[in-house]
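Below you'll find the structure, written out as structure tokens, and then a few comments.
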Amino acid sequence: MGNCHCRHCQQATGGAYFPAVLVKQSDLTIETGEPSWFERPADRGHSMRRGFCATCGSPLFLINGAGEGAIVIYAGSLDDPSWYTPSRNIFVGSAQPWDVRCSVPAFGGSDLG
């Protein structure tokens, strides 16, 4: 679990960062409906696919082409997001100067992925 501060995630969430929960794709089951998808290339060229609720448009998860077999869930989309406990901030080089960051370790540079 961590907060991603890259520009792609800021734009996708409309906020300062993306509170993210990384899990294996094989551990995730979609019980109802099919998500809508938005895809764009990451700064390093691999695909970044973001899944949204096809009914209400809420962001649900991200599949980073560089992270084979993994899926990243938006913490705010969880039925109970209160258990979200970030252990790090990533891509802090892109963090907004007005963002008051969590007191967790920072890793990564300003580029995506």
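Structure above, values below:
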{"quantity": "Beta bridges per DSSP with both ends in the chain, % antiparallel, nearest 5", "calculated": "85"}
{"quantity": "Inter-label distance, nm, simple model (7 Å from Cα along the C-beta direction), SER26/SER87", "calculated": "2.1"}
{"quantity": "Candidates GLY14, GLY67, GLY33, ranked by Gaussian network fluctuation over the chain, Cα under 10 Å, top entry", "calculated": "GLY33"}
{"quantity": "Label-point separation, ASP80 to SER47 (7 Å along Cα→Cβ), nm", "calculated": "3.5"}
{"quantity": "Relative contact order of the chain, defined on C-alpha pairs under 8 angstrom at six or more residues apart (%)", "calculated": "31"}
{"quantity": "For SER77, SER58, order by how many other beta-carbon atoms lie within 10 Å, fewest first", "calculated": "SER58, SER77"}
{"quantity": "Distribution of pairwise C-alpha distances over region 2-95, 5 Å bins, in %", "calculated": "3, 13, 23, 29, 20, 9, 2, 0"}
{"quantity": "Leading residue at positive end of dipole, the chain (Cβ point charges), from LEU62, ALA42, SER87", "calculated": "ALA42"}
{"quantity": "Percent RCO, i.e. relative contact order, over region 14-73, from Cα pairs under 8 Å lying at least 6 residues apart", "calculated": "33"}
{"quantity": "Those trypsin sites (Lys or Arg not before Pro) in region 1-62 that DSSP places in a loop and that have at most 12 other beta carbons within 10 Å", "calculated": "ARG44"}
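Quick note: the coordinates plus some simple rules give every number you see, no bench work behind them. Please read all numbers here as calculations on a predicted model, not as lab measurements. Because the Cβ atoms are built from the backbone with ideal geometry, glycine has one as well, and the counts that use them run over all protein chains shown.
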